[in-house]
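Any read-out appearing in this document is the output of simple, stated calculations on the displayed coordinates, not a laboratory observation. Keep in mind that this is a model prediction, so the values were computed, not measured. Here the Cβ positions follow ideal geometry from the backbone for every residue, glycine too, while neighbour counts run over all protein chains shown.
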Amino acid sequence: MTEVEKGPRGLRRGRGARERIVSASQQLFRDQGITSTGMDQLCAVAGVSKRTLYQHFAGKDELIAEGLRRFDPEILPEVFDRTDLTPRERLLAVFDVHSPLCPFIAAAVEIPDPGHPARVHARDYKLGFAARLTEAAREAGAPDPEQLGEQLALLLDGASARSRVLDAEAFTTAAAVAAVLVDNAIPAAPAA
């Protein structure tokens, strides 16, 4: 077993520092918010010095954007890329796996600048998510897949925000509403 090399203040250094920084930032931003997380605290949790942090990231803004880029780069492949589920089942499965504490919503709420890299990434992710829902709705035979995709995206975002604000399980209710939306939007297959 290899010993971890320690720096002059007892902090770990060397390989893995970047990953520890990103991991610590994702945890802290999720648990206490972006604006409430200080760089000193982030360094302590990651086990790195500020110098090491700034060798890897120009600042907090860059770190926020990197964390979002890594969160779900393929937009729920564990749902949308599954071939064992029907398109209808994929539309409803997003309510089972979607994170109640969506970091994209949190970043958009906490960062007022619409041009901030994290806000741009959050917007692009949300548009991509709605597009994946729309495509599944199209595959399921919805006559207006764009409308159903937007309705489900809005329902997911609302459940995520409600869950975050009230610390309540809103996804069970949202899943029930989604089933009604999907049933009403997708014509039933003719009986054989």
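Assorted remarks:
- For region 17-69, taking the reciprocal of the average inverse distance between every pair of different Cα atoms yields a Kirkwood hydrodynamic radius of 10.6 Å.
- Note, ³J(HN,Hα) from phi for region 120-131, Karplus 6.51, -1.76, 1.60, rounded to Hz, x at Gly and Pro: 4, 5, 4, 4, 4, 5, 5, 5, x, 5, 4, 5
- √(5λ) per eigenvalue of the Cα gyration tensor, region 72-185, largest first, Å: 23, 16, 12
- Taking 0.36 nm per residue of sequence separation and removing the Cα-Cα distance, the Glu150/Leu85 pair yields an extension gain of 21.3 nm.
- Length gained when the stretch Gln41-Ala58 is fully extended (0.36 nm per residue, less Cα-Cα span): 4.4 nm
- Look at the Cα gyration tensor of region 141-192: its axes a ≥ b ≥ c give a/c of at least 1.5 with a/b at or below b/c, and that counts as oblate.
- Arranged from fewest to most other beta-carbon atoms within 10 Å of their beta carbon, Ile186, Ile34 become Ile186, Ile34.
- Rel. contact order, % - alpha carbon contacts under 8 angstrom, at least six apart, the chain: 18 percent
- Shape analysis of the chain yields a ratio of the Cα radius of gyration to the Kirkwood radius, Rg/Rh, of 1.09.
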